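The values are calculated or read from the model by the stated rules, or taken from the named source; none is laboratory data. Please read all numbers here as calculations on a predicted model, not as lab measurements. All Cβ positions, even for glycine, are placed from backbone atoms using ideal geometry, and neighbour counts span all protein chains on display.
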Amino acid sequence: MKVLLTGAAGYVGWSAANKLILSDSVDEVVVYDNFSRRNYGLLLTRKTKDYGKLTVRVDDILNSRGLRAAAQGADCACHLAALAPSPFADENPHAFDQVNHWGTAEVCYAAEDVGVPRVVYVSSGAVYGFGSNEFETSSEPMPTTSYGASKLAGEKHVQRLSSAHHTVILRSATVYGVNPVARFDTFLNKFALDVVLGRPIQVHGSGEQHRPVVHVEALAEIICAAVEGNIDTGVYNVVAENISMNHSIESMRKFAPSLEAIYLSQQERLRDLMMVPDQELNSLQSRDRTADDCLGELLADISLT
């Protein structure tokens, strides 16, 4: 099996690429990335025994010709490339639209033109917006940010292919966990980094706002299952649990009793985003631990000692 993997140099992409090259069913992984975030950790993978499966193409997601060339002969196009400086930031809406909306369109055009039978798209829970109830995949998406709107627009391009292609859309929760190109602007990773560096955790609002979370390795396992054809065509929520900021802080205190938290606008109750997990994905993951179980490991992974 040949896999086109866009955004493979990113946080989730690194974990997905490393799992794919270890799969017996995968013969080649074409890494398609412009390395705009200057994450080069994936290139170190080429020193492992399975490095021969990796082909690296440095190119832009909006380059139609480059995408078509990379997609030639692929059995699956797995689209992870995205612009997401922060999951719920609303800065630079034009850039979000160009990369997340039209970049996804270009991937779909390429898959259509060269006949890639399977397309996997990693979307985001941000397409739902905010609400007091847990969102199911049947819930009406109501994005409240330019990022969420751009990811939803990307979904529509993938859904357009579903009559002739095997398409899987994975709406991911907020990702946490450490790998060589981990991001530290999502709340659990940022909180853990602050603890390790001895900085106070800053919390906006009361801290009772909930967010959906999933470990990066658990998400990567689901992505690989979709790439290998083990998930039916459809839209899925990829979330382990929904936790509040305060709950995560108290859990970290078990490992770092001197942790200090500073609340900004503490009287304000900020909005929730909660997602209902798709139970049919559970059997495809080897990790069944909660965020509480993983927080000690997270702190240890980025410890200075």
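Things to note:
- In the condition set (1) polar (S, T, N, Q); (2) touching a His at 6+ places or on another chain (Cβ under 7 Å); (3) assigned to a loop (DSSP other than H, G, I, E, B), Ser303 is compliant with all but (2).
- Among the residues examined, Tyr121 qualifies as of a type in the set (Ser, Thr, Tyr), under 21 Å from Asn230 (Cα atoms) and either at pLDDT below 95 or in the same structural domain as Val31 (by TED's automatic domain parsing) (or both).
- Residues in segment 194-232 that are surrounded by 16 or more Cβ atoms within 10 Å (Cβ to Cβ) and either assigned to a strand (DSSP E or B) or polar (S, T, N, Q) (or both): Ile201, Val203, Ser206, Gln209, His210, Arg211, Pro212, Val213, Val214, His215.
- Verdict on Ala81 being within 18 Å of the chain's Cα centre (by Cα), modelled with pLDDT of 95 or more and among the small types (Gly, Ala, Ser): yes
- Top-ranked residue of segment 163-182 - restricted to ones that are touching a strand residue (DSSP E or B) at 6+ places or on another chain (Cβ under 8 Å) and not aliphatic (A, V, I, L, M), ranked as surrounded by the fewest Cβ atoms within 10 Å (Cβ to Cβ): His166
- So Val178, is it out of contact with any His (no Cβ under 9 Å at 6 or more places or on another chain) and closer than 19 Å to Ala261 by Cβ: no
- Arg68 meets each of the listed conditions (1) at pLDDT below 95; (2) over 19 Å from the mean Cα position of the chain (by Cα); (3) among the basic types (Lys, Arg) apart from (1).
- Note on segment 90-107: residues that are over 19 Å from the mean Cα position of the chain (by Cα) and either outside the structural domain of Val168 (by TED's automatic domain parsing) or crowded, with 16+ Cβ neighbours inside 10 Å (or both) total 1.
- Against the criterion of being of a type outside the set (S, T, N, Q), out of contact with any Phe, Trp or Tyr (no Cβ under 6 Å at 6 or more places or on another chain) and in the same structural domain as Leu80 (by TED's automatic domain parsing), Val116 qualifies.
- Pair list, Cβ < 8 Å and 6+ apart or interchain, from segment 182-206 residues that are without any contact (Cβ under 8 Å) to a residue 40 or more places away in the chain to residues that are buried (at least 16 other Cβ atoms within 10 Å of the Cβ) and in a helix (DSSP H, G or I): Phe184/Lys190; Phe184/Leu193
- So Leu298, is it touching a residue at least 40 places away in the same chain (Cβ under 8 Å), in contact with a His (Cβ under 7 Å, 6 or more places away or on another chain) and over 22 Å from Val168 (Cβ atoms): no
- Segment 108-143 - residue that is of a type in the set (S, T, N, Q) and crowded, with 17+ Cβ neighbours inside 10 Å and, of those, nearest to Ser162 (Cα to Cα): Ser123
- Pro277 free of Cβ contacts under 8 Å to residues at least 12 places away in the same chain and either surrounded by 19 or more Cβ atoms within 10 Å (Cβ to Cβ) or not in a helix (DSSP H, G or I) (or both): no
- Filter result (modelled with pLDDT of 95 or more and either part of a loop (DSSP other than H, G, I, E, B) or at positive phi (or both)) within segment 25-54: Ser25, Val26, Asp27
- At least 3 residues being more than 23 Å from Ser25 (Cβ to Cβ) and among the hydrophobic types (A, V, I, L, M, F, W, C) is the threshold, and among the helices (runs of 4 or more DSSP H) wholly inside segment 74-190 those reaching it are 146-160.
- Filter result (in contact with a Cys (Cβ under 8 Å, 6 or more places away or on another chain) and not hydrophobic (A, V, I, L, M, F, W, C)) within segment 154-197: His157, Arg160, Tyr176, Gly177
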